[in-house]
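Every number in this text was worked out from the coordinates using simple rules, so none of it is lab data. Predicted model, so just to flag it, every value in this text is computed and none were measured. Counting neighbours? That spans all protein chains shown, and the Cβs are built from the backbone with ideal geometry, glycine included.
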Amino acid sequence: MKIVAIGTRGFPGVQGGVESHCEKLYPKLSKLGCDITVFTRKPYVDPGLKNYNGVELIPLDCPKNKILEAIVHTFKGIFQARKLKPDILHIHAIGPAILVPLAKILGFKVVMTHHGPDYRRRKWGRFAKFVLRVGERLSSSFADEVIAISQMVAQDLKSKYNRDSHVIPNGVDVHEPLKSDEVLKKYDLKKGRYILAVGRFVPEKGFINLIDSFLLAQLKNMKLVIVGRADHESKYSRDLEKRAKISNDVVLTGYLNGIGLKELYSHAGLFVLPSTYEGLPITLLEAMGYGLLCLASDIPANRYIGLPYDNYFSPENLEELIQKLREFSQKNLSEEEKHKQIEMLKKNYSWDEIAKKTLEVYEKVTSTVDYDE
């Protein structure tokens, strides 16, 4: 079965939830016998890399612009895909999915993965939010099959558009914590004595609130490490970087992947996700996979993961977050608690199972006779 995928910036090692999702999913599908081609965005990837773990990568030019890049790249990708004659065109996210009707007009069988209602992100203006809502509506109406990354997204599509969807979540790889600590030495960190956060520098991630709360909490011998960067520099990202410079106890590493990021997960004392919006939080799942004690904002996507009640806080309540940081910086998970947390992830968020379920969706689409033709 030949699959062409668009809607991601690309991979490997490109920051973003959709990017992480595709980087893990498509090699698994390749091993299940699918012929996978992914159209990537040239500004974000190594254009010389043509294959990644059995997945063909084709970089396409597009403007590095948060408003235009997705729509331009998807438009080009759809017409490029015609040359490859895939059995399935798989479009990721509701922004690119605004072109699902075009893909159907051109004769594609289309699967769309809804990664969350992006129009709730603070970074988007009124017009962009309108376009994203239109993308959600059109893709829900015209895609052959829809995948929702959580039960909440599926329920939302059912209530708004009476559209049934397949609930297939993001996954997580469970890793043995690393013993190496080179990145800790680089940033003058001590094992178990830093709080870790990971994500893009955008308002909905809540990192400025986290920095302010951390500084006000006045935790002795603790540092705050934030891994990430802005895809597109903004007033928010500049303000975040200025705020971090207030104290040497706040460390911004920039974007990391591979060994460096794994070392930071392996040796952190606490992981915090202070976001006001998530589709399904991959970074939280990754942290849990390392057996980390986690704090998360009390929003539906994070609540869906099923942390203990006390591990949640109101994302806009700095006083509550300050108190939680003071309390949880003194806690540790027992070995039994770590084991229970990791086993839950293996059961519910296995990439092998996610790939199998995605393949079942593809098989459903390709087995359907189109009587219009």
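Scaled against the 2.2 N^0.38 Å expected of a compact globular protein of N residues, the Cα radius of gyration of the chain reads 0.99. Between Asp352 and Gln323, the simple spin-label model (points 7 angstrom out along Cα→Cβ) gives 4.4 nm. For the range 182-348, the mean projected area of the C-alpha convex hull, equal to one quarter of the hull surface, is 9.1 nm².
Within the listed set Arg163, Arg126, Arg229, the residue fluctuating most in the Gaussian network model of the chain (springs between alpha-carbon atoms under 10 angstrom) is Arg126. Full extension of the chain between Tyr304 and Leu106 gives 67.5 nm of extra length, using 0.36 nm per residue less the Cα-Cα distance.
Highest mean packing first, where packing is the average number of other Cβ atoms within 10 Å per residue, the peptides 313-319, 133-139, 156-162 line up as 133-139, 313-319, 156-162.
Where only DSSP H runs of four or more residues are counted, the chain gives -12500 deg cm²/dmol as its mean residue ellipticity at 222 nm, each run worth -39500 (n - 2.57). Database remark: amide H of Ala5 closer than 5 angstrom to the amide H of Thr37, Val38, Phe39, His90 (H placed geometrically; neighbours at sequence offset of 5 or more, or on other chains; Pro and chain starts carry no H). Taking a point 7 Å from the Cα of Asp188 along the Cα-to-Cβ direction, the residues of the range 216-249 with backbone N closer than 15 Å to it are 221-225, 245-249.
At R0 = 22 Å, how high is the FRET efficiency between Ile67 and Lys235 if r is their beta carbon distance? Nearest 0.05 is fine. Once the sixth-power term is evaluated, E becomes 0.85. Net charge of the neighbourhood of Gln341, taken over other residues with C-beta under 13 Å away and scored Lys/Arg +1, Asp/Glu -1, is -1. 3J(HN,Hα) along the range 226-237: 10, 9, x, 6, 8, 5, 10, 4, 9, 4, 4, 5 Hz, from the Karplus curve 6.51 cos²θ - 1.76 cosθ + 1.60 with θ = phi - 60°, whole Hz, x for Gly and Pro. Amide H to amide H distances under 5 Å link Leu178 with Ser266, where only residues 5 or more positions off or on other chains count and H is placed in the peptide plane.
Diffusion coefficient of the range 258-344 by Stokes-Einstein, Kirkwood radius over Cα pairs, 10 °C, 1.306 mPa s: 119 µm²/s. Rounded to the nearest 0.05, the FRET efficiency derived from the C-beta distance between Met1 and Phe79 at R0 = 22 Å is 0.55.
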